[in-house]
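Visitor: Here it is, the structure, as C-alpha cells.
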Amino acid sequence: MRYVLPVIIMLLAVCCLRAQPATHGNNLIDVDGHVINAHGAGVLYYNGVYYLFGEIKKGATWFVPNQSWEDYRVPAGGISCYSSTDLSHWKYEGVALPAITGDATSDIDTGRVMERPKVVYNSLTKKFVMWLHIDKNDYSYAHAGVAVSDQPAGPYTYLGSVKPNGQDSRDMTLFKDDDGKAYLIHASEGNNTMQICLLTDDYLSPSATYSRVLVNRNREAPAMFKSRGRYFLITSACTGWSPNAATYAVADSPLGPWKEQGNPCTGPNAETTFNAQSTYVLPMDEKGSRFLFMADIWNKTDLPGSAYLWLPLQVDGDTVTIRWIDQ
C-alpha cells in the first residue's frame, strides 16, 4: 500500500513483442479507450493470452479512524479481468469476481476488503483458481479467499476463505512451479513473518506443509518467481501507503530456506522502489533471465487514481536487477 502521484509507466522494452513503449504521464488504456482498473494485479498466461486480474477501485476514498496506520479505503469493487496477446493492447473481459452489496457477513460485500487477486490453472481439475486477500476495513479478519472458474476470464465462483493453518493472511501472491505444485505466499503473524504454504492438489485449500520465512522482518507485497532452478521472492517493508525500499530473497526450494538479499532496484528513487510497491513478476522468456516487474503506484487519498509501474527485471545468477528506464 503506497502513495505517490498517479503516474502510469508502461515499460515494455523488456519484451520481444510488438508492444509500443509509453512515457511518464500516460494512462494505461484498454482498446475501448477506458482507463484500466486492475490494482494489486497478477497475470495468468494461458494458451498464448495474458490475463490481467486486479482490484476494482472506484468510489470515494475515506479514512478508517482509530488505526495504527493510515488506513484509507474505498468500497470493495470486485476483481476485473483484461486480456492481451502482446502486453500492450488490453481488452476488457469484464468483472471476473463481483462484489455484492447488502450482506455485511459476506467476505465479498462492498464493505469488506478484496485485494491482490492471483490466478493459476490446475491441469488436473481443468479449473482456473483465484486466491485473494479477504479482510475487514480494519484488517482484523486477515483471511485468504478462493474462487474457481471453468474459463480463464471467469466468471469466478467464490468458495469461501480460510486462515491458512490457523495463521492470519494479508498481502499475498500465488506461485505455480514447473512440477504443477502451487504455493500461497502471504504476510502473516501481524506482518512480522512471511509464510509459504503448499496448496492441495486441487489448489483449493492450504495443506499442512508450510514454512515461516523472513521472520521478524515486517515484509508485505510478496512476488515470487523462478529463474534457472532458483527461487526469488521480492517484498516491501510495511510503511502504510508510503513507499519504501524493496528487498529480495533467494532459495533452492519454494519452502526455503531463504537467504535475504538487498534492494534489487537501481536508478533514481530506487530507495522507494521508484515510488511504487511490488505486486507480481511475469516471466518473459523460457530461459528464465528476463522478467516484467509489476508494481502499484498508490494514491492514498484517491485510491481509484492509483497507477501502475512496469519495469524490466533481469536475473544474473543470484543477482536481481530492476533498472529504472524513462521509456
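Visitor: Any residue in the range 190-202 that's more than 22 Å from residue 232 (Cβ to Cβ): show its pairings with residues that are of a type in the set (Gly, Ala, Ser) at Cβ separation under 7 Å, as long as the two are six or more apart or on different chains.
Guide: Going by the 7 Å Cβ cut-off, the qualifying pairs are 200/207.
A quick yes/no check of all residues on (1) under 20 Å from the mean Cα position of the chain (by Cα); (2) crowded, with 17+ Cβ neighbours inside 10 Å:
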site: 261; (1), (2): no, no
site: 275; (1), (2): yes, yes
site: 283; (1), (2): yes, yes
site: 287; (1), (2): no, no
site: 292; (1), (2): yes, yes
site: 295; (1), (2): yes, yes
site: 302; (1), (2): yes, no
site: 327; (1), (2): no, no
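Visitor: Please state which one of 88, 83, 68 is under 18 Å from the mean Cα position of the chain (by Cα) and either outside any strand (DSSP E or B) or of a type in the set (S, T, N, Q) (or both).
Guide: 83
Visitor: I'd like to check something: does the range 43-66 contain any residue that is surrounded by 17 or more Cβ atoms within 10 Å (Cβ to Cβ), of a type in the set (Phe, Trp, Tyr), farther than 16 Å from residue 134 by Cα and out of contact with any Leu (no Cβ under 8 Å at 6 or more places or on another chain)?
Guide: No: the range 43-66 contains no residue that is surrounded by 17 or more Cβ atoms within 10 Å (Cβ to Cβ), of a type in the set (Phe, Trp, Tyr), farther than 16 Å from residue 134 by Cα and out of contact with any Leu (no Cβ under 8 Å at 6 or more places or on another chain).
Visitor: Here are some residues: 253, 207. Which one is without any contact (Cβ under 8 Å) to a residue 12 or more places away in the chain and of a type outside the set (Phe, Trp, Tyr)?
Guide: 207
Visitor: Being on the phi > 0 side of the Ramachandran plot and touching a Gly at 6+ places or on another chain (Cβ under 8 Å), is that true of even one residue in the range 150-158?
Guide: Yes, the range 150-158 contains at least one residue that is on the phi > 0 side of the Ramachandran plot and touching a Gly at 6+ places or on another chain (Cβ under 8 Å).
Visitor: Which ranges mark the strands (runs of 3 or more DSSP E) fully within the range 101-165 that have 1 or more residues being touching a Leu at 6+ places or on another chain (Cβ under 6 Å)?
Guide: Hits in the range 101-165: 113-122, 127-135, 143-149.
Visitor: If a residue must be assigned to a strand (DSSP E or B), closer than 30 Å to residue 62 by Cβ and among the polar types (S, T, N, Q), how many such residues does the range 256-314 contain?
Guide: Adding up the residues that qualify gives 3.
Visitor: Do the conditions hold for residue 242, that is, is it surrounded by fewer than 16 Cβ atoms within 10 Å (Cβ to Cβ) and either more than 30 Å from residue 180 (Cα to Cα) or not acidic (Asp, Glu) (or both)?
Guide: Considered against the rule, which asks whether it is surrounded by fewer than 16 Cβ atoms within 10 Å (Cβ to Cβ) and either more than 30 Å from residue 180 (Cα to Cα) or not acidic (Asp, Glu) (or both), residue 242 comes out as no.
Visitor: Oh, and also: Which of the residues spanning the range 308-318 are more than 16 Å from residue 221 (Cβ to Cβ) and in contact (Cβ under 8 Å) with a residue 40 or more places away in the chain?
Guide: The answer is 312, 315, 318.
Visitor: Considering only the range 265-273, I want to know if a residue exists there that is aliphatic (A, V, I, L, M) and under 25 Å from residue 37 (Cβ atoms).
Guide: For the range 265-273, residues aliphatic (A, V, I, L, M) and under 25 Å from residue 37 (Cβ atoms): absent.
Visitor: Within the range 111-133, can you find the residues that are over 15 Å from residue 204 (Cβ atoms) and in contact with a Gly (Cβ under 7 Å, 6 or more places away or on another chain)?
Guide: Matches in the range 111-133: 114, 115, 116, 117.
Read-outs: derived from the displayed coordinates by stated rules, not from any lab. All values derive from a computational prediction rather than experimental measurement. Glycine gets a Cβ as well: all are built from the backbone with ideal geometry, and neighbour counts include every protein chain shown.
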